[in-house]
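Beneath this line is the structure, given in structure tokens, with notes to follow.
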Amino acid sequence: MHVVLAHTPDGVQLTPLNDDGTPAPDRAPQTLTLATLPDAVAQLEPEAPRWVWDDTSRWYPALLSAGVRVERCVDLRLSHVILRNSAASASSELANSPRGHWDTAAVALSTVTPEAALFDFDDAPAHGDDADPVTEFRAQRIAVATAPDPARLGLLLAAESAGALIAAEMRFAGLPWSEHRHDELLTSLLGPRPRPGTRPALLDAVLARVRDELGAPELNPDSPNDLLRALRAAGMIITSTRSWDLKQIDHPAIPPLLEYKKLSRLLAANGWHWLDTWVADGRFRPDYVPGGVVTGRWATSGGGALQLPKQIRGAVVPDPGWKLVVADAAQLEPRILAGLAGDTRMAEAGREDFYEGIVATGAVATRAEAKVAMLGAMYGATTGESGRLMPRLTRAFPQAIAHVEAAARAGERGEIVSTRLGRSSPLPGEDWQQAQGDAYGPEAGEAQQKRALSAARSWGRFTRNFVVQGTAAEWALCWMAGLRNRLWQLGEHMDDTQNGFTDRPHLVFFLHDEVMVHAPEHLAERVADEVRAAAVDAGRLIFGRMPITFPVTCAIVDSYADAK
DNA sequence: GGGTCTTGCGCG
DNA sequence: AAAGCGCGCAAGACCC
């Protein structure tokens, strides 16, 4: 059963439907107030319906605040974006109708906090006819059913929607964060928290050494212009102030300067100000944005949750009596490539440690070489060590390399490419099309042709990587969705005293190919088993019986810093 | 004074 | 000047 939730002027319309979108004969639609919605949802939830709503981030946080968890949903907005762009649904009515309500990002924007038990409909855009979720749901079902492979596209929409639930739940639960430990880390690296407008003592001391070595007492190290001038005045030949460039230079000012950059970055990005802004009541609650990246990866907004530097991961600590289970899908993208290409030789070689396996075939000499060569294949390297090693990979694994090469050529021609489950890449922009057109015009100059070729190659690198990164994102969604169900069942016997959601082991963090579970200590080992089992399931879901392994490294720790 | 672009660096 | 992919954020640079 599906139950569609629609926001109406007086409250909420609740419409039960059969799975094909036709009205459920034995169930009448109901109209409710927002205040009574959580109870109504909780009452129906034991039947495990798929809740159909326009945008998970608008409905689910308030349900979670009211203590209501749902097992399944359809996020119409996320699904619509996939179906609008997918080559697999390109001939559907949905994909060929004019852009409207479901294509506007406005539906997406939401800043509902778990604390605010209010639904966020104040800024809902004016509803036209096309905004009716029942109509949209039916259009989506048809688009999926008429696709060449409905099962794959259907799986993608289910996984994307599950991701939206998880994103809301992770924000609700929050990442356990010790403000005290964070402050200790900052103090040991930077010195005690300084008065506003002044540098911490240790940072100041490093800066003094830089100024001294450069003979520039007034240097503002945070100004690239100023810094560049000072470095040149000290005799260095240099065009940028990037750390990587500075490392090539032998000068006594460089080591303290690199240290200054490292520390000032920590202060600016994850210092006390960040702590005040993003951590409350021992939890870090970033705003996850499922589908926020074209490839299907998640983004976050605020708090930089996907860029937590290793330096401060020590501040992520479980509650007393709990553990963190930190799991990482080992060498995910190379495995995904082997699966996508159906390259059983590569899959076989990479069965355990992927890169050691490549070395064992004799394709390259060392693990480091194998890694660089694989990255080159997936990113489209043409120069450097990576570009040099790639031909050897091509000889050893022609099938895998041909797959990414084909994706690159398609992109160079301005065509779209698709992931395993059917998420398609965007078309290149107008500027790109214009540049390609110009290059073949009658009066095209050499510079124009060069520019067009460079743009074509660049887009080819994007599409090359899109199929791998995007399919890896699909795998990760399936992994996490499966894990979510397994974790819930693991806590099934528990009496949910406070909140049925946060009492049980639950997901608290996700980073592309890594997940973190906050688990009661006595369940931690079993959580680790479920993490591994869910990885096996995800591989089967996406690649069927193909013999690809997805090993997971799993650490049960008292601090995120101890995970690797 | 305020908005946008650029630089630099964190993560996978 | 371009350069192996995808991001977000802070602060300076730049412009009106």
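Restricting attention to the range A:348-389, which residues are within 16 Å of DNA strand B (Cβ to nearest atom) and in contact (Cβ under 8 Å) with a residue 60 or more places away in the chain?
Listed by number, the residues that qualify are A:M378, A:Y379, A:G380.
Would you mention how many residues in the range A:452-498 are away from DNA strand B (no atom under 16 Å from the Cβ) and closer than 18 Å to A:L153 by Cβ?
Residues that pass the stated criteria total 2.
Let me confirm something: among A:A481, A:A472, A:A519, A:A534, which residue is out of contact with any Phe, Trp or Tyr (no Cβ under 8 Å at 6 or more places or on another chain) and over 21 Å from A:D343 (Cα atoms)?
Working: A:A472 fails: over 21 Å from A:D343 (Cα atoms); A:A519 fails: out of contact with any Phe, Trp or Tyr (no Cβ under 8 Å at 6 or more places or on another chain); A:A534 fails: out of contact with any Phe, Trp or Tyr (no Cβ under 8 Å at 6 or more places or on another chain).
Exactly one residue qualifies, and that residue is A:A481.
Could you identify the single residue in A:P334, A:P309, A:P286, A:P290 that is within 16 Å of A:L78 (Cβ to Cβ) and within 16 Å of DNA strand C (Cβ to nearest atom)?
Numbers: A:P334 fails: within 16 Å of A:L78 (Cβ to Cβ); A:P309 fails: within 16 Å of A:L78 (Cβ to Cβ); A:P286 fails: within 16 Å of A:L78 (Cβ to Cβ).
After applying the criteria, what remains is A:P290.
Can you name the residue in the range A:275-296 that is surrounded by fewer than 19 Cβ atoms within 10 Å (Cβ to Cβ) and part of a loop (DSSP other than H, G, I, E, B) and is also nearest to DNA strand B (Cβ to nearest atom) among such residues?
A:V293
Would you pick out the residues in the range A:221-239 that are polar (S, T, N, Q) and surrounded by fewer than 11 Cβ atoms within 10 Å (Cβ to Cβ)? Can you show your working first?
Step one: of the range A:221-239, the residues polar (S, T, N, Q) are A:223, A:225, A:239.
Those that are polar (S, T, N, Q) and surrounded by fewer than 11 Cβ atoms within 10 Å (Cβ to Cβ): A:N225, A:T239.
Which number in (1) surrounded by 22 or more Cβ atoms within 10 Å (Cβ to Cβ); (2) in contact with a His (Cβ under 9 Å, 6 or more places away or on another chain) marks the one condition that A:A338 misses?
(2)
Which one of these does A:T383 not meet: (1) exposed (fewer than 15 other Cβ atoms within 10 Å of the Cβ); (2) within 15 Å of DNA strand C (Cβ to nearest atom); (3) under 30 Å from A:L153 (Cα atoms); (4) among the polar types (S, T, N, Q)?
The number of the failed condition is (3).
For every residue, the table says whether it meets (1) touching a residue at least 60 places away in the same chain (Cβ under 8 Å); (2) among the aliphatic types (A, V, I, L, M).
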site: A:V144; (1), (2): yes, yes
site: A:P150; (1), (2): no, no
site: A:L153; (1), (2): yes, yes
site: A:A159; (1), (2): yes, yes
site: A:A162; (1), (2): yes, yes
site: A:A168; (1), (2): yes, yes
site: A:E179; (1), (2): yes, no
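Only one of A:V517, A:V508, A:V536 is farther than 28 Å from A:V294 by Cβ, of a type in the set (A, V, I, L, M, F, W, C) and in contact with a helix residue (DSSP H, G or I) (Cβ under 7 Å, 6 or more places away or on another chain); which?
Details: A:V508 fails: farther than 28 Å from A:V294 by Cβ; A:V536 fails: in contact with a helix residue (DSSP H, G or I) (Cβ under 7 Å, 6 or more places away or on another chain).
None of the others qualify; the one that does is A:V517.
Please work out if A:L185 is surrounded by fewer than 23 Cβ atoms within 10 Å (Cβ to Cβ) and in contact with a helix residue (DSSP H, G or I) (Cβ under 6 Å, 6 or more places away or on another chain). Write out each step before concluding.
Numbers: surrounded by fewer than 23 Cβ atoms within 10 Å (Cβ to Cβ): yes; in contact with a helix residue (DSSP H, G or I) (Cβ under 6 Å, 6 or more places away or on another chain): yes.
Yes, satisfied.
For the range A:21-53, what are the residues that are under 12 Å from A:L5 (Cα atoms) and of a type in the set (G, A, S)?
Across the range A:21-53, the qualifying residue is only A:A40.
Looking only at the range A:304-317, which residues are surrounded by fewer than 20 Cβ atoms within 10 Å (Cβ to Cβ) and at pLDDT below 95?
A:G304, A:L306, A:Q307, A:P309, A:K310, A:Q311
Given the residues A:G296, A:G342, which is the only one that is of a type in the set (G, A, S), within 12 Å of DNA strand C (Cβ to nearest atom), at positive phi and touching a residue at least 24 places away in the same chain (Cβ under 8 Å)?
Being of a type in the set (G, A, S), within 12 Å of DNA strand C (Cβ to nearest atom), at positive phi and touching a residue at least 24 places away in the same chain (Cβ under 8 Å) holds for just one of A:G296, A:G342, which is A:G296.
Taking the stated definitions as given, is A:R351 under 29 Å from A:G544 (Cα atoms) and of a type in the set (K, R)? Let's see the steps before the verdict.
On the way: under 29 Å from A:G544 (Cα atoms): yes; of a type in the set (K, R): yes.
So A:R351 fits the description; yes.
Suppose we keep only residues that are among the β-branched types (V, I, T) and modelled with pLDDT of 90 or more within the range A:87-138. Which one would you say is farthest from A:V74 (Cα to Cα)?
Our first condition is that a residue be among the β-branched types (V, I, T); within the range A:87-138, this holds for A:104, A:107, A:111-113, A:134-135.
Applying the additional criterion that residues be modelled with pLDDT of 90 or more yields A:134-135.
Details: A:V134: 12, A:T135: 14 Å.
This residue is A:T135.
Hey, could you check the range A:488-523 for residues that are modelled with pLDDT under 95 and among the acidic types (D, E) and say which is nearest to A:P176 (Cα to Cα)?
My answer is A:D503.
Can you name the helices (runs of 4 or more DSSP H) wholly within the range A:217-274 that have at least 1 residues being closer than 30 Å to A:G314 by Cα and without any contact (Cβ under 8 Å) to a residue 40 or more places away in the chain?
Details: elements: A:224-233, A:243-246, A:254-270.
Filter on the range A:217-274 gives A:243-246, A:254-270.
Are any residues in the range A:418-465 in a helix (DSSP H, G or I), within 15 Å of DNA strand C (Cβ to nearest atom), over 21 Å from A:A381 (Cβ atoms) and of a type in the set (S, T, N, Q), and if so, which ones?
Those that are in a helix (DSSP H, G or I), within 15 Å of DNA strand C (Cβ to nearest atom), over 21 Å from A:A381 (Cβ atoms) and of a type in the set (S, T, N, Q): A:Q448, A:Q449.
Among the acidic types (D, E) and under 18 Å from the mean Cα position of the chain (by Cα), is that true of A:E492? Steps first, answer last, please.
Values: among the acidic types (D, E): yes; under 18 Å from the mean Cα position of the chain (by Cα): no.
Here the answer is no, as A:E492 does not meet what is asked.
Would you tally the residues in the range A:250-271 being more than 12 Å from DNA strand B (Cβ to nearest atom) and buried (at least 19 other Cβ atoms within 10 Å of the Cβ)? Don't jump to the end; show me each part of the working.
Filtering the range A:250-271 down to residues more than 12 Å from DNA strand B (Cβ to nearest atom) leaves A:250-253, A:255-256, A:271.
Checking the rest, the ones that are also buried (at least 19 other Cβ atoms within 10 Å of the Cβ) come to A:253, A:256, A:271.
Matching residues across the range A:250-271 total 3.
Checking the structure you have, find out if any residue of the range A:407-417 is under 18 Å from A:E333 (Cα atoms) and either away from DNA strand C (no atom under 14 Å from the Cβ) or touching a Gly at 6+ places or on another chain (Cβ under 7 Å) (or both). Can you show your working first?
Applying the first criterion (under 18 Å from A:E333 (Cα atoms)) to the range A:407-417 yields A:407-408, A:417.
If we keep only those that are either away from DNA strand C (no atom under 14 Å from the Cβ) or touching a Gly at 6+ places or on another chain (Cβ under 7 Å) (or both) as well, we get A:408, A:417.
Within the range A:407-417 (the criterion being under 18 Å from A:E333 (Cα atoms) and either away from DNA strand C (no atom under 14 Å from the Cβ) or touching a Gly at 6+ places or on another chain (Cβ under 7 Å) (or both)), the answer is yes, since at least one residue qualifies.
The values are calculated or read from the model by the stated rules, or taken from the named source; none is laboratory data. The structure displayed is predicted, hence computed values, not measured ones. We place every Cβ from the backbone using ideal geometry, glycine too, and count neighbours over all the protein chains shown.
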